[in-house]
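Written out below as structure tokens is the structure these notes cover.
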Amino acid sequence: MAVTRREMLARAGAGFGAFGVNALFGAPARTTSGALAPRTPHFAARATRVVYLFLNGGPSQVDTFDPKPMLTKHHGSPAPSGNLKTERLTGNLLKSPFEFRRCGRSGTEVSEIFPKLGEHMDDICVIRSMHVEQPFHEPSLFMFNCGHRIAGHPSMGAWLTYGLGTENQNLPGFLVLCPGFPVIGPQLWTSAYLPAIHQGVHLPNNEREPEKLVRHLQNHELSPAQQRGQLDLLERLNRLHLERAGGDPQLEARIQSMEVAYRMQSEAMDAFDLSKEPRHVLDRYGEGDFARGCLLARRAIERGVRMVQVYYGNGQPWDNHDDILKHRELAADSDAPIGALLSDLKSLGLLDETIVLIGGEFGRTPSVEVSAVAKVHNGRDHNNHGFSILLAGGGIKGGIAYGATDDFGFKAVDKPVHPHDVHATMLHLLGLDHTRLTFRYSGRDFRLTDVGGRVIEEILA
Amino acid sequence: MRLGLALLAASLALGSDGKAGGEYFEMKVRPALANNCFSCHTSAKMGDLVMDSREALLRGGQSGPAVRPGDPDGSLLIQAVRQTHDRIKMPPGGRLPASDIEALERWIRDGAEWPEHASVSPAPAGLRIGEEQRAWWAFQPVRKPDPPPVKDEAWARTTIDRFVLARLERENLRPVRPADRRTLIRRASYDLTGLPPTPAEVDAFVADRSAEAFEKVVDRLLASPRYGERWGRYWLDIARYSDDKLNSTQDEPQPNVWRYRDWVIQAFNDDMPYDLFVKAQIVGDRMGDKEKYVAGLGFFANSPQFQEDRVDALGRGFLALTVACAQCHDHKFDPIPTRDYYSLLGIFRNTRADKFPLAPPEVVEAYESRKKAADERSKAVREFEDSQAKQLAEILAAQSPRYLKAVRALADLADERAIEEAARSQSLDRETLARWARYLGLETHEHPFLQRWREAAFDDGAFTARLLAAVAEKKRIDRENLIRLGGKDDDESVRVIEVLSLERDQYFLWRDLVSNERFGKFDSGILYYRGEKIDRFLAPQWKEHLAGLRAERDRLSDELPEEYPFLMSIADVEKPKPMRVHLRGSEDNLGEEAPPQFLTVLGDGEPRPFTNGSGRLELANAIASPENPLTARVAVNRIWGYHFGRPIVGTPGNFGKLGEAPTHPELLDYLAARLVELKWSQKALHREIMLSNAYALSAQSVEPNRTKDPDNKLVWRANRQRLDVEPMRDTLLFVSGELDERRGGEALEIGDDCNLRRTVYGFVSRRRLDSTLALFDFPNPVATSDARIHTATPLQQLYFLNSEFIQERAGAFALRLRSSARGDRERIREAYRILLQREPLAPELRLGLTYLASGQDAWRRYAQVLLSSNELLFVD
């Protein structure tokens, strides 16, 4: 016999269905089953969410977070120990055109081009000893995002929703914001061999209207009442079918996700509508795609989205081979949004449980690029041997700098850190053992950290 | 902490005598040397030191021997890495981790033994392959087993049934009842064609009481060209087919690749024997009747990015072996030594991408030569324009003081009339003046030379001199760089040859004023007149000359025919190069030679190296052989899996140790043997499978079966399966009467409103997969894909709620019903017959009628509900 919507919701409340009665009253819906339902981690978690601000193209460490007085001193001379091999030929040492300043109580030194970000250094751990295998964008992008140097492996966000589900069932669990695409594109947020439900949902944050951010979000043909009527009918027909089939989790799952989709329409419209923010907040974030991205990230994190990744821009804006002074403009465009995001997360009490990762796919050489590809020789080549990233919140020890590059900022020499280690540490804070978060595919267990990864205990609060 | 871990790992590798032996060397010493020293101290011989063998280290370089066995403190190598030597500190610009230094010390203390083998090339740690390894079930020859006895002889209609039933009876399970006829024809139609049966087809089958009724249905479906569109697509999953390349920064379509897709579809429709089908995809260019087969090479020509991918696709796709796992080390679980991996990789390294023209040679030649002529003429036009624009820019640069003065006098830099007036009164070029005004009006410039341009005291002359000096300097530098590059402009040369550049500020001055480079909102330096903008400055005879060049260019490019069609293929290189093992996957660390040959475990004893070209032909013969224990098993396992929703080996791309064991090993072997007996005809095998009673089971779930075998591994019922994205989208178009069944040809965007063709003809992108495909679990086309998975996500349901596609199909379906039946009741019945191949039940009819009474345009909304229903999207 037919089951009415009311009856079904009543059953749902009793634990039969997929969603709690909260959903009826507008509180965040939490499902009790389904692939994206929140899952208990391996052990007690310090953090529950992740924001990954990706400064794509390769920001230069010696111009941002890794001051090198020796570089200034030897400006214009050859590096005493020679240049390391990178993608292109580099020449003499090139000092940073920017001053470094001590920031916060901790006194961590930060380049003058990041004044607002600098105010948060007491909450931030700078890892100054990052390294990756190759001085090329693609393998390094894959490594930071998917834990492998080649295409075909799931993205960190996909691993997180696979391992932890997500708290808000009315929004996707893994959002990727980029105006256009970074180099490589959607393969960076793929679910690969994990079920497709885990792939990142790309929001083109150059768009301003929620409907342009999420596909098929609204129905312009039907009134809400008409759509509700449609769904009620659909549900009754599906229930009749389910009964005849003698029950089936697959059929049940689709019935449930149809209801979630219905609610997502209003939840996403609200979550992604920046016009709901007061003027003074919009002003603090500033103008531009990245500012909008950071603000959208905050609104998504507030609503329980598991991971939000914001790419700085289309292509690879931070790839300044020609003229390192470009970094000043890029920082001017990203400093205020990052500062505002960190401030907001902190004042909302969310920073404690949100890991914020800020960085690019590699750093840049302290020596000037002198290849024929560079139009003018005032820039830096890719540097995989040593560079910096920032971590904050979610159980990370703030106000410290971990590891070091050599005197000129070329190579990580003290406590080198690989992206596998960063992933292992982040998973650890999220309550996951990186060696146990695995997926068996084609007869082998795969994981985000491949066959590496070490939890960096020294940077945990 | 870290140090402790490293020591532990190191001690594990020590030999039983506690000495640093071969394994210690491979685990600790060689990686340290390879990662830090080999890039400069192997072929590059920095400081005359070579470090890839014990002898070389003992010999040393300019500063003497690098290693004194037994004496780490006295060894130059150790002093250098400890950085205690007064002059030599290694590696440059860094320091080895303490664990590496310690490993080197220990190794030298223990005698600096370099494991035997060869200098740079010790064989990989010895994975022996013998009887024991070959005993794994998947490597055993296929033997056709005798059909087992069963208790319920009546149920076991075919031999296949005997294998299935015997297995069930062993567990005391009974199969459920057979499916009803409408369920069976729906299942068969979706299975073979990806589309539902029409009401007429259902009626005919239900009415046909003959014993061959279902056989007729199966034969009709197998003969349909829709069969290839359905099953060809599954093969395209394995072939990681895509219509573009995984380009990092921009879309890069592969305009001819669809010919491979069409070839695959046609091969299925023609029932090309599977062995030939496989062979064609490896070596179609070398087969007799090559026109028929060469298109198959698209399988490898369509490789996403790396040669390595080809080994992976070959291994998992044809043999269900994860050969690619042996890239860095011997396979951890299966008997695949690293050398086998490189033997196969070498075959692909010795092939190159090729075009196989589908036009007569004279057409190809004519096209190529006309293309060349058109390109040359285009270049001539561009070069002439550029040379004139450069000269003009210099002339205008010299006139800068006059323009600066004029702009300075403007009250409003955007006032076009004032600009025009100033140009006229001072005999300046109006556009040039306007450009200067716009440029000077920018808030900032990248160079500092115009910061005070507004001030009366600004020295226009000095500025101009600086500008002209920059122009002159740039010319000098360009000439010098031409010499330095020696005319080379390949990717490598431009990256690694040191050239000169203007000093930064000077560069931006040059760029902004006289270069042809775009910056900000300017499409070139402001004094550079690009393309046709140069014309008005030219003397009449030069203008005429240029017009002539352009007319010639336009004529040549207009007359250029469309490029001749070709197949993307591969060919052997002229001189195959020997392949060596890359130790730990690193090209800097070469090991023993890996001659082209087949997998050791699949032959008897040592494999015989291939001798014919790259070795592709011999490789293809080794795979497409009835003797190969994997090829037929892998093929039948997939066919079974797509029919039953679960293959016999649950990991269709991995028959190795980590794959799943077959649920029905004898059945698998029986089917494999049958495939060979049936002359590798896949259609004949479909037929045998589909005419079994096992295939015809209902999807009903019953006890105790559900408790004993919840995943239905033993086939006691049919598995309910959600439609894959292609049959899903195709069904929506088919039932609404809109499906465009033209076959083959160039791919169309799936998101294009006008694209009403079957989904298999939609554009598949590696760079950005169509959103509908991505939403509904289409396999990622960057790697070979084993199986489809199905998810149920809210974003998918938003598609059913709101997408234009679904609303348009609903509208068309409603329209179709209006013209084909009278009255709501009849139309509802017709809708159920078309969509679900059955009559509506009473409550369904009642719900429909009530809903339709609810208001205007209700039919369209009702149709959308039916198109979104679970029963439509799942096949029992």
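The values are calculated or read from the model by the stated rules, or taken from the named source; none is laboratory data. Keep in mind that this is a model prediction, so the values were computed, not measured. With ideal geometry, Cβ positions are generated from the backbone for all residues, glycine too; neighbour counts draw on all protein chains shown.
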Restricting attention to segment B:506-522, which residues are more than 25 Å from B:Ile483 (Cβ to Cβ) and touching an Asp or Glu at 6+ places or on another chain (Cβ under 8 Å)?
B:Phe508, B:Asp512, B:Phe519, B:Phe522
Output the residue which, of all residues in segment B:777-817 that are in contact with an Asp or Glu (Cβ under 8 Å, 6 or more places away or on another chain) and closer than 21 Å to A:Asp248 by Cα, is modelled with the highest pLDDT.
B:Asp777
Of everything in segment B:525-534, what is closer than 11 Å to B:Asp386 by Cβ and either free of Cβ contacts under 8 Å to residues at least 40 places away in the same chain or touching a Ser or Thr at 6+ places or on another chain (Cβ under 6 Å) (or both)? Give them in sequence order.
B:Arg530
Among (1) at pLDDT below 95; (2) under 20 Å from A:Asp406 (Cα atoms), there is one condition A:Arg39 misses while meeting the rest; what is its number?
(2)
Helices (runs of 4 or more DSSP H) within segment B:456-524 that include 3 or more residues of a type in the set (A, V, I, L, M) and either at the interface with chain A (Cβ under 9 Å from one of its Cβ atoms) or surrounded by fewer than 15 Cβ atoms within 10 Å (Cβ to Cβ) (or both):
B:460-485
Restricting segment A:303-316 to residues that are of a type outside the set (Val, Ile, Thr) and modelled with pLDDT of 95 or more, the residue that is farthest from A:Leu141 (Cα to Cα)
A:Arg303
Close pairs from segment A:240-253: first within 15 Å of B:Ala792 (Cβ to Cβ), partner aromatic (Phe, Trp, Tyr), Cβ under 8 Å, at least 6 apart:
A:Gln250/B:Phe874; A:Leu251/B:Phe874
Any idea which of A:Val373, A:Val368 is β-branched (Val, Ile, Thr) and either assigned to a helix (DSSP H, G or I) or at pLDDT below 95 (or both)?
A:Val373
Pairs, first within 11 Å of chain B (Cβ to nearest Cβ) and under 30 Å from B:Thr322 (Cα atoms) in segment A:440-461, second of a type in the set (Asp, Glu) and part of a loop (DSSP other than H, G, I, E, B), C-beta under 8 Å, six or more apart
A:Ser442/B:Asp786; A:Gly443/B:Glu660
For segment B:438-447, give me the residue count where each residue is in a loop (DSSP other than H, G, I, E, B) and within 48 Å of the chain's Cα centre (by Cα).
6
Hey, A:Thr354 polar (S, T, N, Q), surrounded by 23 or more Cβ atoms within 10 Å (Cβ to Cβ) and over 21 Å from the mean Cα position of the chain (by Cα) or not
no
Taking the options B:Val573, B:Val581, name whichever one is surrounded by 19 or more Cβ atoms within 10 Å (Cβ to Cβ) and in contact (Cβ under 8 Å) with a residue 40 or more places away in the chain.
B:Val581
Tell me, yes or no, whether segment A:129-147 has at least one residue that is crowded, with 22+ Cβ neighbours inside 10 Å, under 28 Å from A:Lys411 (Cβ atoms), over 15 Å from the mean Cα position of the chain (by Cα) and hydrophobic (A, V, I, L, M, F, W, C).
yes
Selection count where residues are among the charged types (D, E, K, R), more than 12 Å from chain A (Cβ to nearest Cβ) and touching a Leu at 6+ places or on another chain (Cβ under 7 Å), scope segment B:719-757
4
Within segment A:224-233, is there a residue that is polar (S, T, N, Q) and surrounded by fewer than 17 Cβ atoms within 10 Å (Cβ to Cβ)?
yes
Can you name the residue in segment A:384-416 that is within 14 Å of another protein chain (Cβ to nearest Cβ) and in a strand (DSSP E or B) and, of all such residues, is surrounded by the most Cβ atoms within 10 Å (Cβ to Cβ)?
A:Phe387
Taking helices (runs of 4 or more DSSP H) that fall entirely within segment B:117-216, which contain at least 2 residues that are of a type in the set (Ser, Thr, Tyr) and crowded, with 20+ Cβ neighbours inside 10 Å?
B:181-193
Of the numbered conditions (1) buried (at least 21 other Cβ atoms within 10 Å of the Cβ); (2) in contact (Cβ under 8 Å) with a residue 60 or more places away in the chain; (3) within 14 Å of chain A (Cβ to nearest Cβ); (4) assigned to a helix (DSSP H, G or I), B:Cys325 fails exactly one; give the number of that condition.
(2)
Tally up the residues in segment A:299-315 that are buried (at least 24 other Cβ atoms within 10 Å of the Cβ) and of a type in the set (D, E, K, R), please.
1
Looking at (1) hydroxyl-bearing (Ser, Thr, Tyr); (2) without any contact (Cβ under 8 Å) to a residue 12 or more places away in the chain; (3) under 26 Å from B:Val634 (Cβ atoms), can you tell me which one B:Thr707 breaks?
(3)
Specify the residue that is farthest from the chain's Cα centre (by Cα); the eligible residues are those in segment B:256-287 that are assigned to a loop (DSSP other than H, G, I, E, B) and over 23 Å from B:Leu671 (Cα atoms).
B:Met287
Which of the following residues is facing another protein chain (nearest Cβ under 8 Å), free of Cβ contacts under 8 Å to residues at least 24 places away in the same chain and basic (Lys, Arg): A:Arg236, A:Arg215?
A:Arg215
Looking at segment B:598-629 only, could you name the residues that are buried (at least 21 other Cβ atoms within 10 Å of the Cβ), touching a helix residue (DSSP H, G or I) at 6+ places or on another chain (Cβ under 6 Å) and assigned to a loop (DSSP other than H, G, I, E, B)?
B:Phe598, B:Leu599, B:Phe610, B:Ser614, B:Gly615, B:Ala624, B:Pro629
Considering each of B:Arg424, B:Arg402, B:Arg417, B:Arg435 in turn, give the residue that is under 18 Å from B:Ala462 (Cα atoms) and in a helix (DSSP H, G or I).
B:Arg402
Looking only at strands (runs of 3 or more DSSP E) that fall completely inside segment A:67-146, which ones have 3 or more residues that are modelled with pLDDT of 95 or more and among the hydrophobic types (A, V, I, L, M, F, W, C)?
A:124-130
Checked A:Ala268, A:Ala291, A:Ala300 against criteria (modelled with pLDDT of 90 or more, in a helix (DSSP H, G or I), under 22 Å from B:Pro794 (Cα atoms) and more than 10 Å from chain B (Cβ to nearest Cβ)); the one match is A:Ala300
Take B:Ala783 and decide whether it is in a helix (DSSP H, G or I), touching a residue at least 12 places away in the same chain (Cβ under 8 Å) and either of a type in the set (A, V, I, L, M) or in contact with a strand residue (DSSP E or B) (Cβ under 8 Å, 6 or more places away or on another chain) (or both).
no
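Quick grid of which residues meet (1) over 21 Å from the mean Cα position of the chain (by Cα); (2) modelled with pLDDT under 95; (3) crowded, with 19+ Cβ neighbours inside 10 Å:
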residue	(1), (2), (3)
A:Leu325	yes, no, no
A:Leu330	no, no, yes
A:Leu345	no, no, yes
A:Leu348	no, no, no
